[in-house]
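Structure first, commentary second.
Every number in this text was worked out from the coordinates using simple rules, so none of it is lab data. Given the structure is predicted, the values throughout are model-derived calculations rather than measurements. No Cβ is skipped: glycine too gets one built from the backbone with ideal geometry, and neighbour counts run over all protein chains shown.
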Amino acid sequence: MPPMKRRDFIRTTALTGTAVLAGTWSAGAGSAVPAPQSGAGRPILITSANGAAAAEKTMQMISGGSDALDAIISGVNIVEDDPNDTSVGYGGLPNEEGVVELDAAVMHGPSYRGGAVAAIRNIRNPSKVARMVMERTDHVLIVGEGALKFAKAHGFPEENLLTDRARAEWLKWKENLSTTDDWLPPHSIDDDGIGEIYQNYLRHYGTIHMSALDANGNLSCATTTSGLSYKIPGRVGDSPIIGAGLYCDNEVGSAGSTGRGEANLLNCSSVMVVEWMRQGKSPEEACLLACKRINERQREKRLQDEQGRFKPNVKFYAINRKGEYGAAAVRGGWNYLIHDGNSVKKLEGAYLFK
Ligand code: GLY
């Protein structure tokens, strides 16, 4: 049979319409309480702590028979639309010039496809554009101006994503950045708490990741973010990089990350988590191995604590094909969410260091 030409294709479709880990890690809920054995047909999802509303929406759709990726995108869109989440989508904190730039990627397990956009401006739902890249191009990743043009070509409305709240946060950061520039916060002649010595404005990485297993036993995932706040324009984190900020193999499991993206870019962490699950590690063990790998492969003093350990936090979330789940972070004292079809549950994550 000769290969189908594009025009014929369009016509046809139109017609048919246990850890062996050194270190001081602690088990989180995923191992302290045995993960439920969902088995075939029992959906489950895992997401970051900012994903409660997204988890409800996603599970509602999955329970109604939706494909995992359709449901995940509808779920994370809620967070992208939320002006009060300053780490994702509309209302996300901007780059150093006060412009919001978003990164997102999706992976669809059953079709083994993925799509992503990076440093896209003026479009509030980058996860939807990432999906469009997957479905309507021969590419996987489109960035910057090209991503914006692609989104507009597909009818996504352009809008200013910088909310007053995010602009005020950005101004606060800019005004306290340095004593050698001309930007200063409101102050009196007696106020010495400004500029270089007043560095209390934490920058953050934010992000939402979600991995889900649907009622047909298929896996998918998405990661979407405004990235590191006040970043250099054009900086791309791990979230839109398949293998770094997320990875899904329908035969094995799905994983993703939030936190310092540079560590995942250097360690290809999410694909490693899935590969460790393929080798038989539980989701939590695999997530802990990713934390361990980051810590063992870092050498820069500026990123180390007094004991030479990796200082920034990086968090991992994973589920396997059987519906087992687990999560771990480099630093402890954190939570993640699962939805097992009954309700959203907030669980304590495992960690490498307190
Ligand atoms: N993990 C989000 C970022 O680094 O941009």
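Some notes on this structure:
- Using the Cβ-Cβ distance between K345 and D81 with R0 = 25 Å, the FRET efficiency computed as 1/(1 + (r/R0)^6) comes to roughly 0.55.
- Per-peptide packing, taken as the mean over residues of other Cβ atoms within 10 Å, places 339-347, 298-306 in the sequence 339-347, 298-306 from highest down.
- Among 117-123, 264-270, the peptide with the highest mean count of other Cβ atoms within 10 Å heads the list, and the full ranking is 117-123, 264-270.
- C-alpha center-to-center spacing [the range 282-350, the range 143-158] in angstrom: 34 Å
- The range 77-197: projected area of the alpha-carbon convex hull, averaged over directions, in nm²: 9.3 nm²
- Applying 1/(1 + (r/R0)^6) with r as the Cβ-Cβ distance of A49 and E135 and R0 = 41 angstrom yields a FRET efficiency of 0.85.
- Cut-off 15 Å between beta-carbons: net charge of the residues surrounding K346, Lys and Arg +1, Asp and Glu -1: -1
- Compared with the direct C-alpha span, the chain from E159 to S188 gains 6.7 nm at full extension, assuming 0.36 nm per residue.
- A simple spin-label model places the labels of E145 and S63 4.8 nm from each other, with each point 7 Å out along Cα-to-Cβ.
- Pair D70, A168: separation of 7 Å Cα→Cβ label points (nm): 4.1 nm
- Cut-off 12 Å between beta-carbons: net charge of the residues surrounding K152, Lys and Arg +1, Asp and Glu -1: -1
- In a simple Cβ point-charge model (Lys, Arg +1; Asp, Glu -1; nothing else charged), the range 294-354 has a dipole of about 180 debye relative to its Cα centre.
- Three-way shape label, the range 198-354, alpha-carbon gyration tensor, a/c 1.5: prolate
- Other residues whose C-beta falls under 12 angstrom from the C-beta of G109 contribute a net charge of -2, scoring Lys and Arg +1 and Asp and Glu -1.
- Violating pairs (Cα-Cα greater than 28 angstrom) within the set K231/K292; K315/K345; K281/K311; K231/K345; K301/K354: K231/K345
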